[in-house]
Amino acid sequence: MTIVDTPERRQLRELTRSFVTREVLPHLSDWERAGELPRSLHESAAKVGLLGIGFPESVGGSGGDLLDSMVVTEEIIRSGGSSGLIAALFTHGIALPHIVAAQDEALIERYVRPALAGTMIGALAITEPDGGSDVAGIRTCAVRDGDHYVVNGAKTYITSGVRADFVTTAVCTDFPGSGSLSLLVIDKGTPGFTVGRRLEKLGWHCSDTAELSFADVRVPVSNRVGPEDTGFLAIMQQFAAERISLATQAYATAQRCVDLAVRWSRDRQTFGRPLVARQVVRHRLAEMHSRTEAARAYVHEVAERVAAGQPVVTEVAIAKNVAVSACDFVVDAALQLHGGFGYMRDAEVERHYRDARLLGIGGGATEIMNEIIAKGMGL
Ligand SMILES: Cc1cc2nc3c(=O)[nH]c(=O)nc-3n(C[C@H](O)[C@H](O)[C@H](O)COP(=O)(O)OP(=O)(O)OC[C@H]3O[C@@H](n4cnc5c(N)ncnc54)[C@H](O)[C@@H]3O)c2cc1C
């Protein structure tokens, strides 16, 4: 099954392709070296309407749903972009949905509209140094003091955390580890809120990743997203879209690596014949293609059900694991087919190989997805 093709989606694919060719490809290597994207890219992506895809026009978005966001992801990677680029440019895709769902007009005005216009950068901070998988175990706490909360704690591995103007932060509003979570939007520059360290990573080099710390940070109660103690549910509800997005990055990365490997195998000569003349190479490419196709079909099917509002928590977890597993196999095989060049910074497959490793860790690791799947099986 493929995402239903419509004239609007064909146009969206074309728009994305030309944006990546014009605004991204000439600079991506520089951004990888710099460790971050320029703010101007957010503004230019907003200007052509890409930043707001998947968000309603009523909050400053461009309209469209989860499937349209997937079309953008597919085309960015197909055109030579990367999952790291998507993580950094579309961090608002995980920072804003809780605010939009809470229908808080003041927060929408202050954070959602500027982020979708590309003039502010948002991040989502859930993971803590003590652990990320156990969301209910969050220890960063917010204690009520009049019309403020006083926040103490630390977060880590936060995407766009270095550049972010605001951070949608999961805090405990009871005792540490109680699972009574709330989300607070915390502004950069609030006294006591510091970006500790820019973290160096295996991949996703153009996406800045930060450690954040909070020491007696006073946050207005009006910056709480939705009612107190509804944070855990809000986080879980938005995980479906994040996991489908990561699954999409996985099969799209696999597809790009299949394409690169096919091209390489036709061009590269060994022992007087092109690589593709060897049956063992053709079969390897066939397996890469098959696993990619199967992953895409399953993710598309589950995504359609998510977009239709069906409760498919188990299937989302399966989709993420299936797509990540296909991607891991394909990026490794694609790099191997490229030989020594595959190990070089100049090779696009080298970047995908490093970037892909994150997909089985972020947004709920493979083992956590397996826990959800086992639960869905009644185990
Ligand atoms: C590049 C990058 C960007 C990120 N961006 C963000 C972000 O923007 N915001 C954010 O909040 N977080 C972000 N994260 C954090 C990410 O979500 C966590 O790393 C992830 O959820 C795993 O948490 P952890 O690292 O604490 O591992 P842990 O929870 O300590 O787990 C360690 C290992 O044990 C496994 N494990 C854990 N529990 C079990 C169990 N019960 N049974 C079996 N195995 C288990 C895990 O799957 C994992 O393999 C990012 C991480 C990276 C690397």
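The values are calculated or read from the model by the stated rules, or taken from the named source; none is laboratory data. Since we're looking at a predicted model, the values are computed, not measured. Every residue, glycine among them, receives a Cβ derived from its backbone with ideal geometry; neighbour counts consider all protein chains shown.
Structure notes:
- Residues of the range 39-88 satisfying the condition of being touching a strand residue (DSSP E or B) at 6+ places or on another chain (Cβ under 8 Å) and over 28 Å from Arg305 (Cβ atoms): Ala88
- Checking every residue in the range 341-348 against the condition of being of a type in the set (Asp, Glu), farther than 20 Å from Val71 by Cα, out of contact with any Lys or Arg (no Cβ under 8 Å at 6 or more places or on another chain) and not in a helix (DSSP H, G or I) gives at least one match.
- Complete set of residues in the range 9-22 that are more than 20 Å from the chain's Cα centre (by Cα) and free of Cβ contacts under 8 Å to residues at least 40 places away in the same chain: Arg10, Gln11, Glu14, Leu15, Ser18, Arg22
- Of everything listed in (1) of a type outside the set (A, V, I, L, M, F, W, C); (2) closer than 30 Å to Asp208 by Cβ; (3) assigned to a loop (DSSP other than H, G, I, E, B), the single unmet condition for Tyr353 is (3).
- Test: residue in the range 306-319 that is in contact (Cβ under 8 Å) with a residue 12 or more places away in the chain and assigned to a loop (DSSP other than H, G, I, E, B): yes
- Evaluation of Gly61 against (1) in a loop (DSSP other than H, G, I, E, B); (2) touching a residue at least 60 places away in the same chain (Cβ under 8 Å) (one fails), failing number: (2)
- First in the range 255-275 and surrounded by 20 or more Cβ atoms within 10 Å (Cβ to Cβ), second anywhere and of a type in the set (Ser, Thr, Tyr) and in a helix (DSSP H, G or I), Cβ under 9 Å, 6 or more apart: Gln255/Thr292; Cys257/Thr292; Cys257/Tyr353; Val258/Thr292; Leu275/Ser265
- Residue match in the range 233-248 (condition: in contact with a helix residue (DSSP H, G or I) (Cβ under 6 Å, 6 or more places away or on another chain), touching a residue at least 40 places away in the same chain (Cβ under 8 Å) and more than 30 Å from Ala125 (Cα to Cα)): no
- Annotation note: of Ala252, Ala247, the sole residue that is in contact with a Ser or Thr (Cβ under 8 Å, 6 or more places away or on another chain) and under 18 Å from Ser325 (Cα atoms) is Ala252.
- For first residues located in the range 361-379 and touching a residue at least 12 places away in the same chain (Cβ under 8 Å), partners that are near the ligand (Cβ under 9 Å from one of its atoms) and part of a loop (DSSP other than H, G, I, E, B) and lie 6+ apart or on another chain with Cβ distances below 7 Å form the pairs Ala365/Ser133; Ile368/Ser133.
- Set Ala374, Ala317: member being over 30 Å from Leu275 (Cβ atoms), exposed (fewer than 14 other Cβ atoms within 10 Å of the Cβ) and either more than 12 Å from the ligand (Cβ to nearest atom) or not polar (S, T, N, Q) (or both): Ala374
- Leu96 vs. criteria modelled with pLDDT of 95 or more, closer than 18 Å to Ala247 by Cα and within 16 Å of the ligand (Cβ to nearest atom): no
- Within the range 105-132, considering residues that are of a type in the set (Asp, Glu) and within 16 Å of the ligand (Cβ to nearest atom), the one farthest from Leu50 (Cα to Cα): Asp130
- Condition check for Ala374: on the phi < 0 side of the Ramachandran plot, more than 18 Å from the chain's Cα centre (by Cα) and in a helix (DSSP H, G or I): yes
- Residue within the range 100-107 that is modelled with pLDDT of 95 or more, farther than 18 Å from Gln238 by Cα and in a helix (DSSP H, G or I) present: yes
- Criterion applied to Ala295, Ala286 was being at pLDDT 95 or above, part of a helix (DSSP H, G or I) and surrounded by 14 or more Cβ atoms within 10 Å (Cβ to Cβ), and the one residue passing it is Ala295.
- Test for Val151: is it surrounded by 20 or more Cβ atoms within 10 Å (Cβ to Cβ), of a type in the set (Val, Ile, Thr), within 11 Å of the ligand (Cβ to nearest atom) and touching a residue at least 40 places away in the same chain (Cβ under 8 Å): no
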